[in-house]
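Below: one structure, written as structure tokens.
The values are calculated or read from the model by the stated rules, or taken from the named source; none is laboratory data. On a predicted model such as this, the values are computed, not experimentally measured, just so you know. Cβ coordinates were reconstructed from backbone atoms using ideal geometry, including for glycine residues, and neighbour counts include every protein chain displayed. Areas reflect the complete protein model, heavy atoms only, side chains present, ligands, DNA and RNA absent. Shrake-Rupley method; radii C 1.70, N 1.55, O 1.52, S 1.80 Å.
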Amino acid sequence: MDFAFGAHIVNMMIALIISLTVHEATHAFMARVYGDRTAQLDGRLTLNPVPHIDPIGTLLFPLIGAVLGGFIFGWAKPVPIDPRNFRNQKWGQIIVAGSGPFSNLLLSFVSLIIVYLIGPAQDGTIWLAFSRLATAMVSVNAILAIFNMIPVHPLDGGAVLYELLPYEGKRKYEEYVMPYGSFALLGLMLLGGFAWIGALAGVWVHLSERIINSLL
């Protein structure tokens, strides 16, 4: 493993940990806004990554993917939420679930602004290190947001879809989708069925670039 490849892995891992931390902390924050303090009392309403880290999903799984030169992806410990405490259970669950992917899209956009503001940086400078980390943040957050909005349990998109379904749709979703969602996602991942996520992430980055170019 040469130095450049090692530096790339470090940047991607740091970007992933930051992105997952913001994602979970946003879930916890929005749950608190809607009246549920479960995540806060569990110590998850924080930008400290330690309480959010899942040893396998946050560290081992993405590290193996990075070393093998494949898709760098991972997950954090789910934030504990009790929807019974929400002032509005339906919309509380929709907004809390959707807030995680939204935070990643926002973080991707802000990171791209940082890349533009830094501009070309000389080798060996601290600005080059910031630029490379920000660049990693752009793609990692775009991919996390799109992946998590897939409408399959246990992803955030699955929670949003479930709340939008009528009663009979909820019953069928619980019977036919919830028990098999994780296996379906794992199977698609192993078979390379998520190539479209990278394509959609590229579309998001392109649109973000056009917006930023019109503003700066």
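Structural remarks
- Within the set Ile95, Ile81, the sole residue that is of a type in the set (Val, Ile, Thr), farther than 27 Å from Gly198 by Cβ and part of a helix (DSSP H, G or I) turns out to be Ile95.
- The sole residue among Leu216, Leu200, Leu185, Leu161 that is open to solvent by 50 Å² or more (accessible area, probe 1.4 Å), more than 21 Å from Gln89 (Cα to Cα) and free of Cβ contacts under 8 Å to residues at least 60 places away in the same chain is Leu200.
- Region 50-59 - residue that is of a type outside the set (A, V, I, L, M) and either surrounded by fewer than 18 Cβ atoms within 10 Å (Cβ to Cβ) or more than 15 Å from the chain's Cα centre (by Cα) (or both) and, of those, modelled with the lowest pLDDT: Gly57
- Near pairs, Cβ below 7 angstrom, 6+ apart or cross-chain, from region 70-93 (open to solvent by less than 30 Å² (accessible area, probe 1.4 Å)) to any residue that is in a loop (DSSP other than H, G, I, E, B) and of a type outside the set (Gly, Ala, Ser): Ala76/Ile53; Ala76/Asp54; Val79/Arg44; Phe86/Tyr34; Phe86/Asp36; Gly92/Tyr34; Gly92/Phe86
- Pairs, first free of Cβ contacts under 8 Å to residues at least 40 places away in the same chain in region 139-155, second assigned to a loop (DSSP other than H, G, I, E, B) and open to solvent by less than 50 Å² (accessible area, probe 1.4 Å), C-beta under 9 Å, six or more apart: Ile150/Phe194; Pro151/Val177; Val152/Val177; His153/Val177
- Region 19-47: number of residues that are open to solvent by 70 Å² or more (accessible area, probe 1.4 Å) and under 16 Å from the mean Cα position of the chain (by Cα): 2
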